[in-house]
Structures are given as structure tokens and as C-alpha cells.
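See structure below.
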Amino acid sequence: MDTIVWIVVAVVVLIVAVLILRAAFRGMRPQAPEAQTYTPTPATPRSAPASAAPTTLSGLTPAATAEIDRLVAAGQKIHAIKLLRDSTGLGLKEAKDRIEHWSVSTTAPHLAAVSNATAAYSSITPSAATPASVRAALPTNVAADIDRLVAGNQQIHAIKIVREQTGLGLKESKHVIEGWVPHSAR
């Protein structure tokens, strides 16, 4: 009879140990993240005259607002986020949320309309960006560099140069480089 009691006690202890380990391992299992909903902060009105002091965002001047407007309109949200963070000291998430819900200001002076590209290249619009139109707008030494890079299968570097020289977005620059035919290959 003593052996049967010991066997029953051993079985009960084993069952309790299995249940404890199961609960412990279940608690260690990664959980699916909870769904998050975006609740925008109240919009700051931008009806103040252009000569007024910076808006409620500390450090956001009318010139910075104009530049952000230009970047958002051109689809260059990453650059707009960087500029907003540099101007105001906002965190990445808050700056991203603000740019995602940015509406182009009608009161800011658009002094910075072509700050990323010189006047000679600002006539290239994203919808009209073809390899031929970009080549015609670029200086010959830059076009020759792009020819060399495309011929050497260095499209990423060529895309970077097109973006820097024209102010086009990544998608448009990639499209231009994909259709680019080096002069030496013609």
C-alpha cells in the first residue's frame, strides 16, 4: 500500500510540475501586438499672416514651412520629416505623423521653392521626367558621369546623382535611370 501512495503522490507532483511549466512557457510566448489607431493632435491653424512670428511649433519659420510645403508637394516626405525635426526638435514619430497629415500652406512665402535644385534644373517635373529631358537639363560632365555609372552597372549611385541634380523623387529618378542609354552605347 505504501508503494501505491508514493506512486500517486509522484504522479500528482508530476502533473503539477507539467502545469506550472506549461503556464511559464505560455507566458514567455511572444504576443501579437495590439492594434493601434492614430489619433491626430489638434491641427494648428495656419491662418496667421506670413510676417508673423513662427507658428506654434517652436523654430518653424515661414521659410521652413515653405520648404516643407514644397517637399510634401513633391512627394519627398522623408526630407520633409528631416527638415521638420531639425527645425522644431520633434521626435521621429510625431514629425512623421505631422508630415503624413500636412496640408500645404497658402500663407507661407514660397522662398524655398527650388532650394534642392538650381534654377536650371527646376523645370523638370516628376511627370515629365524622361531620360532625354533629364540628360538635356544636366551639365555635360554630370551626364557623362551618369553614362559611366550606368555602363558600369552602378544604377544606385546614378540614381543618387539624378536625385541630387534634379530634385526628383526616388521613384522618378529610378525610372529615368532604368531608361537611360549611355552615349557610348548609342
Condition (residue is modelled with pLDDT of 70 or more, among the acidic types (Asp, Glu) and open to solvent by 100 Å² or more (accessible area, probe 1.4 Å)) applied to the range 83-97: is it met by at least one residue?
yes
Output the qualifying pairs, or none if there are none: Cβ atoms under 6 angstrom, residues six or more apart or on different chains, first residue in the range 143-158 and touching a residue at least 40 places away in the same chain (Cβ under 8 Å) and of a type in the set (Lys, Arg), second residue assigned to a loop (DSSP other than H, G, I, E, B) and open to solvent by less than 20 Å² (accessible area, probe 1.4 Å).
none
With respect to residue 95, determine if the residue is assigned to a helix (DSSP H, G or I), over 24 Å from residue 166 (Cα atoms) and free of Cβ contacts under 8 Å to residues at least 60 places away in the same chain.
yes
For residues that are in contact (Cβ under 8 Å) with a residue 24 or more places away in the chain and assigned to a helix (DSSP H, G or I), scanning just the range 72-83, find the one that is nearest to the chain's Cα centre (by Cα).
79
Of the residues in the range 159-186, those that are farther than 22 Å from residue 79 by Cβ and without any contact (Cβ under 8 Å) to a residue 40 or more places away in the chain come to 178, 182, 184, 185, 186
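The values are calculated or read from the model by the stated rules, or taken from the named source; none is laboratory data. Just so we're clear, the structure is a prediction, and the values are computed from it rather than from any experiment. Every residue, glycine as well, gets a Cβ built from its backbone with ideal geometry; the counts of neighbours run over all protein chains shown. Surface areas here come from the heavy atoms of the whole protein model, side chains and all, with no ligands, DNA or RNA. Shrake-Rupley method; radii C 1.70, N 1.55, O 1.52, S 1.80 Å.
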